[in-house]
Amino acid sequence: MFWQKTVIDDRSITVTLAVSKTTIAANDVLGYAIDVIAQSRGVPSFRFSIIRQVKGRQNEKIRISINKNDLNDPKLRGLFESMKNYGDVKLGDILDDVEDEQYPRAEALFLALVVVVTLVALWLFIPLIQLNLEQLHALSRGMN
């Protein structure tokens, strides 16, 4: 499932998926969890979840979508700082990484790589395309 949108207000947290929608009442929220997700390549990513108290059952983790750069928003940062963290990563560690711009740097590197690959492909294929266009033009003149 793709996490599409998360809306947090003073009464509830609404998590909208591609095919469903979950609303958690503010009274049922115990805290949040930030867990590291190990990856075989590259920088590990983080999973943000809300811990929900369910009557008669174990507490439940519900994934929410948060852009790491949105943690610079003072309201969202204040909300997380006022809640208990049930995860294995401290909020301060992620905030330090965001402030040091570690994540945007990786995105900028990927974008630069895409631009370089595109330029090299264009440099290699434009002469070939130009030659084909000249041959087509010559053929069309020869047919007239």
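Which ones in segment 8-39 are among the hydroxyl-bearing types (Ser, Thr, Tyr), free of Cβ contacts under 8 Å to residues at least 40 places away in the same chain and assigned to a strand (DSSP E or B)?
Ser12, Thr14, Thr16, Thr23
Only one residue in Ile66, Ile50, Ile94 is open to solvent by less than 80 Å² (accessible area, probe 1.4 Å), modelled with pLDDT of 80 or more and among the β-branched types (Val, Ile, Thr), so which one is that?
Ile50
The values are calculated or read from the model by the stated rules, or taken from the named source; none is laboratory data. Treat the numbers as computed from the prediction; the structure is a model and nothing was measured. Cβ atoms come from the backbone with ideal geometry, glycine included; neighbour counts cover every protein chain shown. We work out accessible area using only protein heavy atoms, side chains counted, and drop any ligands, DNA or RNA first. Shrake-Rupley method; radii C 1.70, N 1.55, O 1.52, S 1.80 Å.
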